[in-house]
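The values are calculated or read from the model by the stated rules, or taken from the named source; none is laboratory data. On a predicted model such as this, the values are computed, not experimentally measured, just so you know. Neighbour counts are summed over all protein chains in view; Cβ atoms, including those assigned to glycine, are modelled from backbone coordinates with ideal geometry. Quick note on the areas: whole protein, heavy atoms, side chains included, nothing else; ligands and nucleic acids left out. Shrake-Rupley method; radii C 1.70, N 1.55, O 1.52, S 1.80 Å.
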Amino acid sequence: MNDIEKKLLEKISGLHNIPSGAFNIRKDGKVYARESSKDIEIIPKKNKNGIDIKIKDGVKNKSVHIPVIITVGGLEDLVYNDFYIGKNCDVLIVAGCGIHNATCKNSVHNGIHSFHIGENSHVKYVEKHVGEGNGSGEKILNPVTKIFMKQNSFMEMETLQIEGVTSSIRKTFASLQDNSILKINENILTTDNQYAKTEFKVNLLGKKSSVEVVSHSVAKDNSYQYFKSNLIGKNECFGHVECDGIITNNARITSVPMIDALDSNASLIHEAAIGKIAGDELIKLMTLGLTKEEAENKIIEGFLLG
C-alpha cells in the first residue's frame, strides 16, 4: 500500500499494518488480503461479492477486521457480508470504509452487512466512514445493516461519519428476541452541500427485549441530514431513541419519529433536540483565547466524539 492507502486504512480501522487473527481487507473493489483463524472463518461468497464470517461457539476476547478502502474514481462497489456468531461469544468486529477520490468521477461503496447473533453472545461492532481527496468526484457511502438477535444476546453498534462523505443513505434493520439488548450510537458530521439520511427500524419481538438509539448529528454550511426511526413493540419491551443535532450557517436537520406499541406492556420513547450552539458555550471558550471558529469546532468535536 502507498502512504495515502495506509493513512486511510488507519483512519477507519486503527490498523497500521496487517493485523493478526482474522481479517479481510478490500481495496478498490478487490480483495487485498484475507486470513482466517482457528476460531473465526472467513469464506468468500460464490455467486456475488462479499464474505461469510463464521465465529464458533464460545469464542471470547477475539476480533475481526473487515475494512474497505477506495482510492480510484469511477468505481461503484457493492458487497454482501454475513456474520454468523455462535453461542456464548464475546467478540469485536471492526468494519468501515474510506474513500480517497482525487478525480472528477464518483466513487461509491454500498455495503450490506447481516448479523446473526447466537444466544448469550456479546458483540461490539464499530463502523467508521471517511471521505477525502480534492477531486470534484463525489464520495458516496450507503451502508445497510441487518441484525437478528437470539435470546439473551447483546450488541453494541458504534457508527461514525466525521468528514468528507458527499452523500450517504444509512439503513439499519433489527429483530430482537427474548431478553436481547441492542445499543446503537451514531455520530454524523456533514459540511458544504453534503447529504446524509439515516433510517432505523427495530422490531422488539421478544419479552423484555430492549433497544437504545443515540444519534448525535452536526450539520454545517448548506448540508442536510434526515433522521427517521421506527420502533415496533410486539411484546413486553423497552425502546428509547434520542436524536440530538447541532446546525450552523444554512444547514438543516429533520427528525421523524415513528413508534408503534402493539402490546400493552411495550414502553417506547422518542426524544429529539435540534438547534444552534449555545452562545454562552462559545463565550466561555473564547474567554480562554480561542477564536469563534476554534471554539465552535471544539464544541462540535466534543459533541460528536464524547
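Among bridges DSSP assigns within the range 1-84, what percent are antiparallel (round to 5)?
That works out to approximately 55 percent antiparallel.
Determine which lysines satisfy two conditions relative to Lys220: a Cα distance under 23 Å, and not lying fewer than 8 residues away in the same chain.
Correct list for Lys220: Lys11, Lys128, Lys139, Lys171, Lys197, Lys228, Lys276, Lys284, Lys292, Lys298.
Using a Gaussian network model of the chain whose springs link C-alpha atoms within less than 10 Å, name the residue from Leu205, Leu75, Leu285 with the highest mean-square fluctuation.
In this elastic network of the chain, the residue with the biggest mean-square fluctuation among Leu205, Leu75, Leu285 is Leu285.
Given the convex hull over the Cα atoms of the chain, what projected area results after averaging over all orientations, in nm²? It would help to have the intermediate numbers written out before the result.
Values: hull surface 66.2 nm².
For the chain, the mean projected area of the Cα convex hull comes to 16.5 nm².
If you take the beta carbon distance between Lys56 and Asn193 as r and set R0 to 45 Å, what does 1/(1 + (r/R0)^6) give as a FRET efficiency, to the nearest 0.05?
Calculated transfer efficiency: 0.45.
May I ask you to list the trypsin sites (Lys or Arg not before Pro) in the range 274-306 that are in a DSSP loop and have at most 14 other Cβ atoms within 10 Å of their Cβ?
Hits after loop and neighbour filter: Lys276.
By what distance, in whole Å, do the Cα atoms of the range 120-210 stretch along each of the three principal axes, largest value first?
For the range 120-210, the Cα extents along the three principal axes come out at 50, 19, 15 Å.
Per DSSP H run of n ≥ 4, the term is -39500 (n - 2.57); total these for the chain, divide by its residue number, and report the mean residue ellipticity at 222 nm rounded to 500 deg cm²/dmol.
Calculated at 222 nm, the ellipticity per residue is -3500 deg cm²/dmol.
Once ligands and nucleic acids are excluded and a 1.4 Å probe is used, how much of Phe227 is accessible, expressed in Å² to the nearest 10?
Using a 1.4 Å probe on the heavy atoms, I get roughly 10 Å².
Find how much the distance from Asn297 to Asn265 grows on full extension, using 0.36 nm per residue of separation minus their present alpha carbon separation; answer in nm with one decimal.
Extra length available between Asn297 and Asn265 comes to 7.2 nm.
Work out, step by step, the length gained on full extension between Asn88 and Lys46: first 0.36 nm times the residue separation, then minus their alpha carbon distance; give nm to one decimal.
12.2 nm is the gain from fully extending Asn88 to Lys46.
I want to make sure I understand the PRE zone here: with the label point 7 angstrom from the Cα of Ser136 toward its beta carbon, which residues in the range 90-118 have backbone N atoms less than 17 Å away?
Residues 101-107 qualify, since their backbone N sits under 17 Å from the label point.
Convex hull over the Cα atoms of the range 1-102, averaged projected area in nm²?
Values: hull surface 26.1 nm².
If I average the Cα hull's projected area over directions, I get 6.5 nm².
Across 10 Å bins from 0, what is the distribution of all Cα-Cα pair distances for the range 180-268, in whole percents?
Result returned by the calculation: 18, 42, 24, 13, 2.
What FRET efficiency do you get for Tyr32 and Met258 if R0 is 30 Å and r is their Cβ-Cβ distance, rounded to the nearest 0.05? Let's see the in-between values first.
Numbers: r = 40 Å, r/R0 = 1.35.
The pair Tyr32/Met258 has a calculated efficiency of 0.15.
How much area per residue is accessible in the chain when the probe is 1.4 Å and only protein heavy atoms are counted (Å²)? Show your work: numbers first, answer last.
Working: 14080 Å² over 306 residues.
Per residue, the chain has 46 Å² of solvent-accessible surface.
How big is the equivalent ellipsoid of the range 1-43 along its three axes, where each semi-axis is √(5λ) from the Cα gyration tensor, reported in whole Å from largest to smallest?
20, 12, 7
When we measure straight from the Cα of Lys207, which lysines land under 21 angstrom away, once same-chain ones fewer than 8 places off are left out?
Lys87, Lys146, Lys150, Lys183, Lys234
Could you tell me the calculated FRET efficiency between Asn250 and Leu305, based on Cβ-Cβ distance and R0 = 25 angstrom, to the nearest 0.05?
About 0.55, to the nearest 0.05.
Please report the carbon-and-sulfur percent of the accessible area for the range 148-249; probe 1.4 Å, protein heavy atoms only, DNA, RNA and ligands left out.
That share works out to 44 percent.
Quote the relative contact order of the range 53-126 in percent (integer), defining contacts as alpha-carbon pairs under 8 Å separated by 6+ residues.
Once divided by the residue count of the range 53-126, the mean separation gives 41 percent.
Given Ile85, Ile99, Gly135, which one lies farthest toward the positive end of the charge dipole of the range 31-136, if we put +1 on the Cβ of every Lys and Arg and -1 on the Cβ of every Asp and Glu?
In the range 31-136, that residue is Ile85.
Within straight cross-link reach of Lys48, meaning Cα distance under 17 Å, which lysines are found once same-chain residues fewer than 8 apart are removed?
Within the straight-line cut-off, Lys48 pairs with Lys27, Lys30.
How high is the relative contact order of the range 112-229? Use alpha-carbon pairs under 8 Å, at least six apart in sequence, and give a whole percent.
Taking the mean separation of contacting Cα pairs over the length of the range 112-229, I get 24 percent.
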